[in-house]
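**Q** Submitted below is the structure of interest, expressed as structure tokens.
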Amino acid sequence: MIKLKKSLALVGLRGSGKSTLAFELSKVLNVPVIEMDVELSNDKGMSIPEWIKAEGWGSFREAEAQFLKKVSKRKSPCILSPGGGIITREQSIKFLQNSFLTIYLHWSPTVLCERIATDANRPRLGTTKTASEEVKLMYKERNDVYLSCGHTLKLKKGTKINKTISKVLDIVYRSEF
């Protein structure tokens, strides 16, 4: 059985499957999942879209950075599923690089657009872009940063969750030795 020696962080653009994969991996690795957006929303007492509308992205990003710092100090490993914008602050990138085994779930912008097109729980990042334009812009702006955070899993449309879990476990196994 593979045991995590340090916490695992799954990063990627919105819609990349971080939450779904985190919960499936937690069953295999027997460690808790920390769903960052859920925790932040519960702490704030409002949904992420409500928070963004009321206080703006800056307030939310600062809360993300502080939460990441707190999670990075945990004594026992966990699986962290942060929001897609976690890599927008240099401080957060450093925590991901130094305190976690970080895996970027890489999908093409086209597949990501299909995955998030009708999800009302994903607040738009701007007001002038279509969802498709927004995803392509975020991919262009963030892909290199995600790549710098750690390991990368290139995923394709139709990839089954069990295959993705196996790939992650392989990365965990190779990283532990």
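**Q** Give, rounded to the nearest 20 debye, the magnitude of the charge dipole that the chain has about its Cα centre when Lys and Arg contribute +1 at Cβ and Asp and Glu contribute -1 at Cβ.
**A** Its charge dipole is roughly 580 debye.
**Q** How much length would be gained if the chain were fully extended between Lys53 and Gln97, taking 0.36 nm per residue of separation minus their Cα-Cα distance, in nm to one decimal?
**A** Answer, rounded to one decimal: 12.8 nm.
**Q** Under the rule of -39500 (n - 2.57) per DSSP H run of 4 or more residues, summed and divided by the residues of the chain, what mean residue ellipticity at 222 nm is obtained, to the nearest 500 deg cm²/dmol?
**A** So the calculated ellipticity at 222 nm is -18000 deg cm²/dmol.
**Q** Can I ask one more? Considering only DSSP states other than H, G, I, E and B, which trypsin sites (Lys or Arg not before Pro) in the range 133-177 qualify as loop sites with at most 16 other Cβ atoms within 10 Å?
**A** Lys156, Lys157, Lys160
**Q** Moving on. Just rank Trp107, Trp51, fewest to most, by other beta-carbon atoms within 10 angstrom.
**A** Least to most surrounded, the residues fall as Trp51, Trp107.
**Q** May I pose another question? Within the range 65-121, which trypsin sites (Lys or Arg not before Pro) sit in a loop by DSSP and count at most 13 neighbouring Cβ atoms inside 10 Å?
**A** Within the range 65-121, the qualifying trypsin sites (Lys or Arg not before Pro) (loop, at most 13 other Cβ atoms within 10 Å) are Lys73, Lys75.
**Q** What is the spin-label model distance, in nm, from Val145 to Glu114 if the labels are put 7 Å beyond Cα along the C-beta direction?
**A** 2.7
**Q** What's the FRET efficiency of Thr88 with Lys44 using the Cβ-Cβ distance as r and R₀ = 22 Å, to the nearest 0.05?
**A** Efficiency for this residue pair is about 0.75.
**Q** Starting from the Cα of Val28, step 7 Å along the direction of its Cβ; do the same at Thr159; then give the gap between the two resulting points in nm.
**A** Taking the two extended label points, one gets 1.2 nm.
**Q** May I ask which of Lys53/Lys167; Lys75/Lys157; Lys70/Lys136; Lys18/Lys53; Lys73/Lys156 have a Cα-Cα span longer than 29 Å here?
**A** Violating the 29 Å limit, Cα to Cα: Lys53/Lys167; Lys75/Lys157; Lys70/Lys136; Lys73/Lys156.
**Q** Same structure again: Which of the listed residues, Val11, Ser108, Cys78, is farthest toward the dipole's positive end in the range 8-176, when Lys, Arg count +1 and Asp, Glu count -1 at the beta-carbon?
**A** Ser108
**Q** Could you list Phe23, Phe100, Phe60 in order of exposure, starting from the residue whose Cβ has the fewest other Cβ atoms within 10 Å?
**A** Going from sparsest to densest Cβ surroundings: Phe23, Phe60, Phe100.
**Q** Efficiency by 1/(1 + (r/R0)^6): what FRET value for Thr130 and Lys70, r their Cβ-Cβ distance, R0 = 35 Å, to the nearest 0.05?
**A** The calculated FRET efficiency here is 0.45.
A short reminder: the numbers here are calculations on the coordinates, not readings from a lab. Note that this is a predicted model, so its numbers are computed, not measured. Please note: Cβ atoms are built from the backbone with ideal geometry, for glycine as well, and neighbour counts cover all protein chains shown.
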